[in-house]
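Novice: Below are the structure tokens for one structure; questions will follow.
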Amino acid sequence: MKHLLLSFIVPIFIVLVCASCANPPARIGADPQVMRPTQVMDFNVLYGENCAGCHGSHGKGGASIPLSDPVFLTIADDATIRRIASNGVPGTPMPAFAQSAGGMLTDKQIDAIVSGIRSRWAKPDVLRDANPPPYRAQSTGDPVHGAAVYATYCSSCHGVDGRGGKKASSIVDGSYLALISDQDLRTNVIVGRPDLGAPDWRGDVPGKPMSEQEISDVVAWLTAQRPKVSGQPYPAPFPTSAKGEHP
């Protein structure tokens, strides 16, 4: 009986072993679809992961300068955009993205972002015959004259004293001025914020575009409003009782 049972079990065992050898268990290997972060070159991925949070998912609608604005792309060349993306802007929320400056992106990835912005959103003929002011100031601004320039071109929206009006918010808020560079102020004056309804340097006063010097002057006036200590000023401390408690 014992020999009969073994003669029945052994063939079944051999069949099972052969079947398992013919169909070995799947092995976990390297997925050919998984790329290293430094190998990602797709513009949509790079822009979405690194730029959209501040500049908007489609280059507009964010807190910072709309990169899809063709007027901005007319005055800011590729070298300028590459430099800012690589090194950031110290003292502002704009970080450095290049590995050489402590960021996570390679030079080729920075180039992919810059070329993608240009190819998707630039419109070389957007200004037609208009001659835009240069991206960088060519002369020092005069804050005294800048006050008069502000009254002419900006006060109708931002209020007489710059603290906000019916059409736009405060432009002299200390926290705002602490977070924005002088160059970004100049860029905003030149290109406006079309996504927010703010005109460029040609549209503040119909038929009277701002001159290069007037732009430098109003930027000088704005920077003169920047508090020495950044942040929102707080009121005087509450008086305390004899026990050292607040009332």
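Novice: Can you find a residue in region 169-182 that is open to solvent by 40 Å² or more (accessible area, probe 1.4 Å), part of a helix (DSSP H, G or I), at pLDDT 95 or above and out of contact with any Phe, Trp or Tyr (no Cβ under 8 Å at 6 or more places or on another chain)?
Specialist: Looking through region 169-182, at least one residue is open to solvent by 40 Å² or more (accessible area, probe 1.4 Å), part of a helix (DSSP H, G or I), at pLDDT 95 or above and out of contact with any Phe, Trp or Tyr (no Cβ under 8 Å at 6 or more places or on another chain).
Novice: Same structure, new question: Report whether or not Ala137 is part of a loop (DSSP other than H, G, I, E, B), in contact with a Lys or Arg (Cβ under 7 Å, 6 or more places away or on another chain) and not polar (S, T, N, Q).
Specialist: When the stated conditions are applied, Ala137 passes them.
Results for (1) free of Cβ contacts under 8 Å to residues at least 40 places away in the same chain; (2) closer than 27 Å to Gly56 by Cβ; (3) not acidic (Asp, Glu), shown as yes or no for each residue.
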| site | (1), (2), (3) |
| --- | --- |
| Trp121 | no, yes, yes |
| His145 | no, no, yes |
| Gly164 | yes, yes, yes |
| Val191 | no, yes, yes |
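Novice: Let me ask something else about it. Taking His145 as meeting all but one of (1) part of a helix (DSSP H, G or I); (2) open to solvent by 40 Å² or more (accessible area, probe 1.4 Å); (3) within 27 Å of Asp77 (Cβ to Cβ), write down the number of the exception.
Specialist: (3)
Novice: So Ser211 fits all but one of (1) surrounded by 15 or more Cβ atoms within 10 Å (Cβ to Cβ); (2) closer than 26 Å to Pro70 by Cα; what number is the exception?
Specialist: So Ser211 meets the others, but not (1).
Novice: Moving on to the next point. What are the residues in region 148-159 that are of a type in the set (Gly, Ala, Ser) and either touching a Pro at 6+ places or on another chain (Cβ under 9 Å) or part of a loop (DSSP other than H, G, I, E, B) (or both), if any?
Specialist: Of everything in region 148-159, just one residue is of a type in the set (Gly, Ala, Ser) and either touching a Pro at 6+ places or on another chain (Cβ under 9 Å) or part of a loop (DSSP other than H, G, I, E, B) (or both), namely Gly159.
Novice: Which ones in region 85-99 are open to solvent by less than 40 Å² (accessible area, probe 1.4 Å) and under 16 Å from Thr187 (Cβ atoms)?
Specialist: Matches in region 85-99: Ala85, Gly88, Val89, Thr92.
Novice: So is Gly103 at pLDDT 95 or above, of a type in the set (Gly, Ala, Ser), open to solvent by less than 30 Å² (accessible area, probe 1.4 Å) and under 27 Å from Gly53 (Cα atoms) or not?
Specialist: Criteria met by Gly103.
Novice: Further question: Being touching a helix residue (DSSP H, G or I) at 6+ places or on another chain (Cβ under 7 Å), open to solvent by 50 Å² or more (accessible area, probe 1.4 Å) and modelled with pLDDT of 90 or more narrows it down to one residue among Arg186, Arg226, Arg202, Arg163; which is it?
Specialist: It is Arg226.
Novice: Hey, another quick one. Evaluate region 113-136: report whether one residue or more is under 20 Å from Asn44 (Cβ atoms), exposed (fewer than 15 other Cβ atoms within 10 Å of the Cβ) and touching a strand residue (DSSP E or B) at 6+ places or on another chain (Cβ under 7 Å).
Specialist: No.
Novice: A further question follows. Within region 95-134, can you find the residues that are among the basic types (Lys, Arg) and part of a helix (DSSP H, G or I)?
Specialist: Selection gives Lys108, Arg118, Arg120.
Novice: Among the helices (runs of 4 or more DSSP H) lying completely within region 21-94, list those that include at least 2 residues that are at pLDDT 95 or above and aromatic (Phe, Trp, Tyr).
Specialist: Counting at least 2 such residues, we get 43-50.
The values are calculated or read from the model by the stated rules, or taken from the named source; none is laboratory data. It should be emphasised that the depicted structure is a prediction, and the values quoted were computed from it without experimental measurement. Cβ coordinates were reconstructed from backbone atoms using ideal geometry, including for glycine residues, and neighbour counts include every protein chain displayed. Surface areas here come from the heavy atoms of the whole protein model, side chains and all, with no ligands, DNA or RNA. Shrake-Rupley method; radii C 1.70, N 1.55, O 1.52, S 1.80 Å.
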